[in-house]
Amino acid sequence: MKFWKSLVGKLWYTIILLVACILMTLGVFLLPYIDINFSASESGDIKRMFVFVCIIGFSLTTFFALFLLSKITQPMQKLIQATNEIRKGNYDTRLSLVTSDEIGELASTFNHMAGELEDTIRNLNHEKERVASVLRSMTDAVVSFDSEGKIISTNPPGKKVMSAWQGIKWTEIDERYSFEVQSSETMRDVPAPLRPLFQAVVSRGEDQSAEVHVKQSVWSVQMAPLHAEQGSRGAVAVLRDVTEEAHLEKMRSDFIANISHEIRTPLSMIQGYSEALLDGMAASPKESEELIQVIHDESLRMGRLVKDLLDLARMEAGHTDVSLRRVDLNQLLDRVYRKFSVVAKDQGLLLKYKHPDETLILEAADEDKLEQVFTNLLDNAFRHTHSGKHIYIMASTKNAEELEIRIKDEGKGIPREDLPFIFERFYKADKARVRDVGRGTGLGLAIVKHIIDAHQGTIEVDSTTGEGTEFTILLPINQHKSDKSMLT
């Protein structure tokens, strides 16, 4: 800053002008008086003395004025420097001026203000860090938008979701998003499924919630407005992936519907035939025996259903009771083949077992559970294969660590779209299929899947409608000790 534009310069030349005016005024009135009342020699001496006194007085006045003004300016300069430091973010800056005048009071007030500002900024930073830590630790996606729909901030899950959704062509997923995508140029950062909620939140200033479907996922969205002094300045959205919850809820409702259907049929038959017996509708002992036999068969079917449900519930809870020991797979498959050979002959089916040329040994397996697996798979194959067709049992060594067992039939087959779901409880690929003699409970394949999983194996299915179905099982020859401890 130039000297003449500073506070010191202005005060300094103001004092000089004031002193100069005073001296000039004295000179105008005093010099004529000297000339009138004194002689020429005395008058000259007095004038010279007056000039010397004026010069000395003017110099001293100017010096002391400059000195005093500098004492005011130096603290002001320190105050300006301290203010600039705080403006730069150095909130610990303090003034070391200790005086009892107004400048000292100003310095004390400045230091108090700087301390309060430092505490406020520190608390704001702590609060900001705490909120940021909470957002980072959240598994839910959190995204905030401004009033124009631009993203302000996100947590890591929110950033991941937004980047994934921005690469989706919404018009190819759902036609209802077409209008929103084309007409919302001001909300390019807001994904199409969130735009109705965003518009409602910004316009009404109220919380909104909804469930949106994106591809195969279901998201629960809670959106709240970001309030400003006048209206809303945006919205914050919390997105939670509830796909698993929705799937479980669907499974629960389906399970209730299916179990009600499965139990209602035998109960209706037991009730109907028992009422027929009570009403004396059986005309002969043979008819009575037939009615009693139906009641007995349906009660057995209900017993099997309850047993399968209990077994499946234990397996899904992680309590699969298996007894692991060394199992000769050749002997096990021979026993299963002999058990089903008689049934195959009665139904006119051709059951073939291709005996392997090698010895197949499982070092740690449950023979009874594996027999239950093969029994369930062959029972399904028998019920869906017409007489005169073939059913094959094949086993071999897949590699040094796994054995492969395949059960193939030439039955009706399973539609391709149903293959991913056949291991679910009560799932039926053929919706119009009539139960054969009431033997099926709809839980066999689900139990098979859990038993194979308990052995750390895998099961796959391949089928062609009208040509047949093939189940392929891979079982590890040796299981790790940690796996054995989990199963027992």
> FRET efficiency for A210 and Q74, Cβ-Cβ distance as r, R0 = 60 Å, nearest 0.05?
Replying inline: 0.35
> Beyond 11 Å, what share of the Cα-Cα pairs of segment 18-62 remains, rounded to the nearest whole percent?
Replying inline: 66
> Could you give the accessible area per residue of segment 329-429, probe 1.4 Å, as a whole number in Å²?
Replying inline: 49
> In nm, to one decimal, how far is the modelled label at S203 from the one at S299, with both set 7 Å along Cα→Cβ?
Replying inline: 6.6
> If the limit is 29 Å between Cα atoms, which of K345/K398; K150/K215; K215/K408 go over it?
Replying inline: K345/K398; K215/K408
>> Normalised by the empirical 2.2 N^0.38 Å for globular proteins, what value does the Cα Rg of segment 326-409 take?
In response: 1.10
>> Within segment 13-149, what whole-number % of the accessible surface is contributed by carbon and sulfur, with the 1.4 Å probe and all protein chains included in the calculation?
In response: 66
> Picking from T62, I46, N90, whose Cα lies most toward the positive end of the charge dipole for segment 15-167 (charges on Cβ: Lys, Arg +1; Asp, Glu -1)?
Replying inline: N90
> Taking a quarter of the surface of the convex hull around the Cα atoms of segment 85-143, what do you get in nm²?
Replying inline: 5.2
> aspartates and glutamates near K169 by alpha-carbon distance under 16 Å, same-chain residues fewer than 8 away left out - which ones?
Replying inline: E180, E185, D189
>> Students sometimes get this wrong: rank I451, I168 by accessible area, probe 1.4 Å, all chains present, largest first.
In response: I168, I451
> For segment 72-119, what is the accessible area per residue in Å² when the probe is 1.4 Å?
Replying inline: 69
> Name the GluC sites (Glu not before Pro) in segment 324-417 that are in a loop by DSSP and that have at most 12 other C-beta atoms within 10 Å, would you?
Replying inline: E358, E401
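The values are calculated or read from the model by the stated rules, or taken from the named source; none is laboratory data. Quick caveat, the model's predicted, so the values are computed rather than measured. A quick note on method: Cβ atoms are made from the backbone with ideal geometry, for glycine too, and the neighbour counts reach across all protein chains shown. With ligands, DNA and RNA removed, areas are computed over all heavy atoms of the protein, side chains included. Shrake-Rupley method; radii C 1.70, N 1.55, O 1.52, S 1.80 Å.
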